[in-house]
1. For the subset of segment 226-238 comprising residues that are part of a loop (DSSP other than H, G, I, E, B) and out of contact with any Gly (no Cβ under 8 Å at 6 or more places or on another chain), which member is nearest to residue 53 (Cα to Cα)?
2. When you check residue 159 against the structure, is it away from the ligand (no atom under 11 Å from the Cβ), open to solvent by less than 20 Å² (accessible area, probe 1.4 Å), under 28 Å from residue 51 (Cβ atoms) and in the same structural domain as residue 225 (by TED's automatic domain parsing), yes or no?
3. Considering only residues of segment 190-216 that are assigned to a strand (DSSP E or B) and either of a type in the set (Ser, Thr, Tyr) or crowded, with 21+ Cβ neighbours inside 10 Å (or both), which is nearest to the ligand (Cβ to nearest atom)?
4. Hey, can you tell me all the residues within segment 237-269 that are open to solvent by 40 Å² or more (accessible area, probe 1.4 Å) and in contact with a strand residue (DSSP E or B) (Cβ under 6 Å, 6 or more places away or on another chain)?
5. Would segment 175-189 turn up any residue that is at pLDDT 95 or above, part of a strand (DSSP E or B) and open to solvent by 40 Å² or more (accessible area, probe 1.4 Å)?
6. Here are some residues: 5, 32. Which one is in contact with a strand residue (DSSP E or B) (Cβ under 7 Å, 6 or more places away or on another chain), surrounded by fewer than 18 Cβ atoms within 10 Å (Cβ to Cβ) and under 24 Å from residue 151 (Cβ atoms)?
7. For residue 223, all conditions in the list (1) within 25 Å of residue 93 (Cα to Cα); (2) open to solvent by less than 30 Å² (accessible area, probe 1.4 Å); (3) part of a helix (DSSP H, G or I) hold save one; what is the number of the exception?
8. Considering only residues of segment 41-52 that are within 15 Å of the chain's Cα centre (by Cα) and touching a residue at least 40 places away in the same chain (Cβ under 8 Å), which is surrounded by the most Cβ atoms within 10 Å (Cβ to Cβ)?
Amino acid sequence: MSRTGRVVAIDGTVVSPDRAVVSVFDRGFLYGDAVFEVFRTYGGAPFALDEHLARLRSSAERVFIPLPVDETTLRREVEAALAAAGNDESYIRVIVTRGTGPLSLDPATAGSPLRVVIVDPVAPPPREAYVHGVALASVRARRAVDDTAAAGAKVSNYLASLLALREAKARGAAEALVVDSAGHVVEGATSNVFVVAGGRVATPPPSAGILVGITRAHVLLAAAGLGISTDERTVPLGELYASDEVFITSSIRELLPVVRVDDRTIGGGVPGPVSRALHRRFRDDVGMVGRPMPYD
Ligand SMILES: Cc1ncc(COP(=O)(O)O)c(C=O)c1O
């Protein structure tokens with residue numbers, strides 16, 4: 001197989017990307033009835049693979065999709081796809097759908113779960129986004145699993161987040177800031193949100209209805225390593241507007257400074273020192289010691 005940088009494996013078999021097709025009767029297609037993970041490599045090795053596979057398992061359990069293979073097999077399939085892709089650094093998406101079945105909503109009618117691994121060259125935001133920071137636009141949104149027993153599962157139905165992102169972009173922002181009906185910050189469309197005030201870092205807790213980000217966890221560890229106090233607590237939108245610094249985190253964007261939210265400038269309108277220090281520490285912790293930062 002040629003090295004295009006993009007590799008797809010379906011049920012453990014590597015297929016050429018233009019032949020990577022699944023049935024229209026797959027429930028991932030019909031209902032978004034699937035769970036997934038997105039992560040990247042550093043130095044060619046998948047970062048926090050155990051944590052991502054554990055979250056995949058937890059998401060699958062919450063929506064009662066039995067994982068078709070064990071984590072060792074999934075790990076091997078991810079590593080084989082990475083080797084076939086031959087990228088310097090890769091983006092990896094692992095999807096598990098409930099499988100195909102008759103045109104019935106009833107999950108009991110589904111056949112066997114289907115698994116897909118997609119590897120692509122990683123494409124982080126441009127340098128300018130890190131140099132100058134980005135804008136967020138607040139959007140009231142409720143997601144597919146909010147207020148259900150599956151809250152916190154990373155399910156493939158991202159329609160509410162997608163519409164929130166569309167609205168944010170129409171308002172000139174790079175990312176949506178999802179706010180709940182009480183006016184409390186939840187997270188981004190595909191990121192977690194942090195505020196910094198008086199040198200302390202705060203981020204909404206899991207009970208706020210967030211997807212508990214793996215980057216979020218590593219940034220909290222980076223803060224502990226730097227002796228910076230952190231709180232997982234409710235963050236009202238008004239408090240976020242008035243904070244010294246705001247940043248978002250995700251596996252692909254790492255830690256991206258936010259300098260504007262709606263019509264408010266955050267702090268001095270430039271990426272702040274705490275955001276920069278945490279990002280530097282995060283990069284060191286993932287093995288990028290001494291390498292240029294995305295804003296260099
Ligand atoms: C809704 C949501 N929150 C947070 C995140 C960040 O999670 P992670 O840091 O594990 O990539 C994502 C990532 O896609 C997401 O979709």
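1. Just the residues of segment 226-238 that are part of a loop (DSSP other than H, G, I, E, B), to begin with: 227-229, 233-235.
Restricting the remaining residues to those that are out of contact with any Gly (no Cβ under 8 Å at 6 or more places or on another chain) gives 227, 233-235.
On the way: 227: 29, 233: 27, 234: 28, 235: 29 Å.
Among those residues, the one meeting the criterion is 233.
2. On the way: away from the ligand (no atom under 11 Å from the Cβ): yes; open to solvent by less than 20 Å² (accessible area, probe 1.4 Å): no; under 28 Å from residue 51 (Cβ atoms): yes; in the same structural domain as residue 225 (by TED's automatic domain parsing): yes.
It is false that residue 159 is away from the ligand (no atom under 11 Å from the Cβ), open to solvent by less than 20 Å² (accessible area, probe 1.4 Å), under 28 Å from residue 51 (Cβ atoms) and in the same structural domain as residue 225 (by TED's automatic domain parsing).
3. Of everything passing the filter in segment 190-216, 192 is nearest to the ligand (Cβ to nearest atom).
4. Here is the first cut: in segment 237-269, the ones open to solvent by 40 Å² or more (accessible area, probe 1.4 Å) are 238-239, 241-242, 244, 253, 260, 263-265, 267-268.
Residues satisfying the conditions are 241, 244, 260, 267.
5. Taking every residue of segment 175-189 in turn, at least one turns out to be at pLDDT 95 or above, part of a strand (DSSP E or B) and open to solvent by 40 Å² or more (accessible area, probe 1.4 Å).
6. On the way: 5 fails: under 24 Å from residue 151 (Cβ atoms).
Step by step, each of 5, 32 is checked, and only 32 is in contact with a strand residue (DSSP E or B) (Cβ under 7 Å, 6 or more places away or on another chain), surrounded by fewer than 18 Cβ atoms within 10 Å (Cβ to Cβ) and under 24 Å from residue 151 (Cβ atoms).
7. Result: residue 223 fails condition (1) only.
8. Quick first cut of segment 41-52, residues within 15 Å of the chain's Cα centre (by Cα) only: 41, 46-49, 51-52.
This time we only want the ones that are touching a residue at least 40 places away in the same chain (Cβ under 8 Å), so: 41, 46-48, 51-52.
Working: 41: 21, 46: 20, 47: 20, 48: 18, 51: 14, 52: 23.
Here the residue is 52.
The values are calculated or read from the model by the stated rules, or taken from the named source; none is laboratory data. Just so it is clear, the model here is predicted, and its values are computed rather than measured. Virtual Cβ from ideal backbone geometry, glycine too; neighbours counted across all protein chains shown. All accessible areas refer to the heavy atoms of the entire protein, side chains included, with ligands and DNA or RNA removed. Shrake-Rupley method; radii C 1.70, N 1.55, O 1.52, S 1.80 Å.
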